[in-house]
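Heads up, the thing below is written out as structure tokens.
The values are calculated or read from the model by the stated rules, or taken from the named source; none is laboratory data. Remember, predicted model here, so these are calculated numbers, not experimental data. Neighbour counts are summed over all protein chains in view; Cβ atoms, including those assigned to glycine, are modelled from backbone coordinates with ideal geometry.
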Amino acid sequence: MKKLMNKVDDIVVESLAGLEAAHCDLVKLHPSIKAVLRADAPNCKVAVISGGGSGHEPLHGGFVGFGMLDAACPGEVFTSPTPDQMYEAAKAVQGGKGVLFIVKNYTGDVMNFQMAADMLAGEGIPVAQVVIDDDVAVQDSLYTAGRRGVGGTVLAEKIVGAMAELGASLDEVKAVCEKVNANVRTMGMALTSCAVPAAGKPTFDLPEDEMEIGIGIHGEPGRKRMKMMSAKEIVEMMAGAIVNDLPFSEGDEVVAFVNGMGGTPLIELYLLYNDLVKFLDAKKIRIARKLVGNYITSLEMQGFSITLLKLDSQLKALWDYPVHTPALRWGK
Amino acid sequence: MPMNVEQARKVFERVTEAIISHKEYLTELDSAIGDADHGINMSRGFTKAQEKIKAGAYTEVGGVFKDVAMTLMGSVGGASGPLYGTLFMRMSMKFGTKQEVDSADFVEAFEEGLKGILALGKAQLEDKTMVDALTPALEAMKAAASNGEDLPAVLEKGIASAEEGMKRTIPLVAKKGRASYLGERSAGHQDPGATSTFLILSAMLEGLRE
């Protein structure tokens, strides 16, 4: 397995150092723990913090900056960060108005963020948490750890970050995050596996003529394996599952988000977006806002995900609010 | 034969070696039904814990367990960091200021540790997790300790039951953790968490016997 690296154990820290060097106007690293902090923190606003395993770049470090996250805590590749990271990051960026943790629903992430929240609460710092679980591929939530947090996390971080930037209270910021989570649905698929650098080989084998539908962002399998189909058929199957799940209905306005898993060229992502536009047009679901690109990836995995977020006037205004981070920027 | 501070140190030395030498094995088990990092994370955590306790000066057994717990929580990540961290932290709290712990102390502390894991992870028996090895291990150790057996004999019983529990995870369908997303496809694979539990207990006995 070929990887561009120096020492396998240093991948995360060296990549973080590069992120800081490339975007020193926006972010700085915490001096003692692994955390990406907004360069101008703390601000007099609710601090929005997220984190999770590395390997999903630009998530989360690439979303630190004006109008989005105040801090991001990266773990090792595909491994949740530890409580001391979230605790120290929160202390470094919070300005007295409280801290919101945006947590993707994975057993380890939830536990580690909970421990950090307990530590902060013990010091009298107000903390709230919202767990994002937008993956429609997980059907039997009762018999699993629940739906995973995937593409919807990016949209939540953008919208919640805007709400915090506008000076909303911790309760208000949390409520917007919950609203996004309640109205967002995602489904992913993969053509190839990713390879965790320290493991040195692909996480799973997928025959040349097959695809994994409903894949998570760690190469963990999803709903089912199927024979390859055309892009149009794949989009119809995935978007169909998403639309039926919320459900999204005729006349709804949505953010349509086509996300690459890391190894999919943009030529294919735009082709998929074209198929998604046709699908939603036929359903009379209006694409009010859109996002196409690699925003929540799974190392070098080939594949993509579709995320739809149902908008109301508040969410639309927050989506449009200026944002300036290494990986997402508009209006500023 | 009770366990003193030096033996506790030895115990974790052996545990660290066992985890490191089974790093690939644990990772392989995890790649079948999880995300291919269990061995890597556990090795990183126990290597750091080993460095920490090697350098530390202790007068109480609980001190060794506490440092191991804190290091695991701060370096493993994932679910296993907080879970194993909780096990050893609760054990250390139960040991209190004891300079030596006997089989009854150990079993009592282990029960507290398992309670902590259940509260944090919310897994039940047969969810295909480390609980499937920990629970039968505790039951067997409780029985042995109440018969007045010494710590090595008690651990031996616990290990045998942990091994059975670990093997019983093979046909199970996972209901907690990342393997749960596989549904039926998780059946037919041994749970990595139950496996690391078995390895840890086995290595503890080795260290104790030295």
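Computed values, structure above
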item: Residue that is within 14 Å of another protein chain (Cβ to nearest Cβ) and not in a helix (DSSP H, G or I), where the choices are B:116, B:78; result: B:78
item: One residue from B:84, B:25 being within 14 Å of chain A (Cβ to nearest Cβ), surrounded by fewer than 21 Cβ atoms within 10 Å (Cβ to Cβ) and in a helix (DSSP H, G or I); result: B:25
item: Test: residue in the stretch A:296-304 that is over 23 Å from residue A:61 (Cα atoms) and not assigned by TED's automatic domain parsing to the domain that holds residue A:40; result: no
item: Output for the stretch B:148-185, where each listed residue is at pLDDT 90 or above, within 14 Å of chain A (Cβ to nearest Cβ) and farther than 17 Å from residue B:135 by Cβ; result: B:173
item: Subset tally (residues that are of a type in the set (Ser, Thr, Tyr) and without any contact (Cβ under 8 Å) to a residue 60 or more places away in the chain) for the stretch A:42-56; result: 1
item: Residue B:52, sole failed condition from (1) touching a residue at least 12 places away in the same chain (Cβ under 8 Å); (2) within 9 Å of chain A (Cβ to nearest Cβ); (3) assigned to a helix (DSSP H, G or I); result: (2)
item: Test: residue in the stretch A:226-242 that is under 27 Å from residue A:197 (Cβ atoms) and either free of Cβ contacts under 8 Å to residues at least 60 places away in the same chain or touching a Leu at 6+ places or on another chain (Cβ under 8 Å) (or both); result: no
item: Residue under evaluation residue B:97, criteria (1) of a type in the set (Ser, Thr, Tyr); (2) farther than 30 Å from residue A:9 by Cα; (3) crowded, with 20+ Cβ neighbours inside 10 Å, criterion not met; result: (3)
item: Candidate set from the stretch A:9-53 (those that are in a loop (DSSP other than H, G, I, E, B) and among the basic types (Lys, Arg)); member that is nearest to residue A:89 (Cα to Cα); result: A:34
item: Index of the failed condition, residue A:189 passing every other in (1) assigned to a helix (DSSP H, G or I); (2) under 27 Å from residue A:228 (Cβ atoms); result: (1)
item: Meets criteria (more than 10 Å from chain B (Cβ to nearest Cβ), more than 18 Å from the chain's Cα centre (by Cα) and either free of Cβ contacts under 8 Å to residues at least 60 places away in the same chain or more than 26 Å from residue A:218 (Cβ to Cβ) (or both)) for residue A:104; result: no
item: Test: residue in the stretch A:151-166 that is surrounded by 24 or more Cβ atoms within 10 Å (Cβ to Cβ) and not in a helix (DSSP H, G or I); result: yes
item: Test: residue in the stretch B:33-45 that is more than 23 Å from residue A:195 (Cβ to Cβ) and either without any contact (Cβ under 8 Å) to a residue 60 or more places away in the chain or acidic (Asp, Glu) (or both); result: no
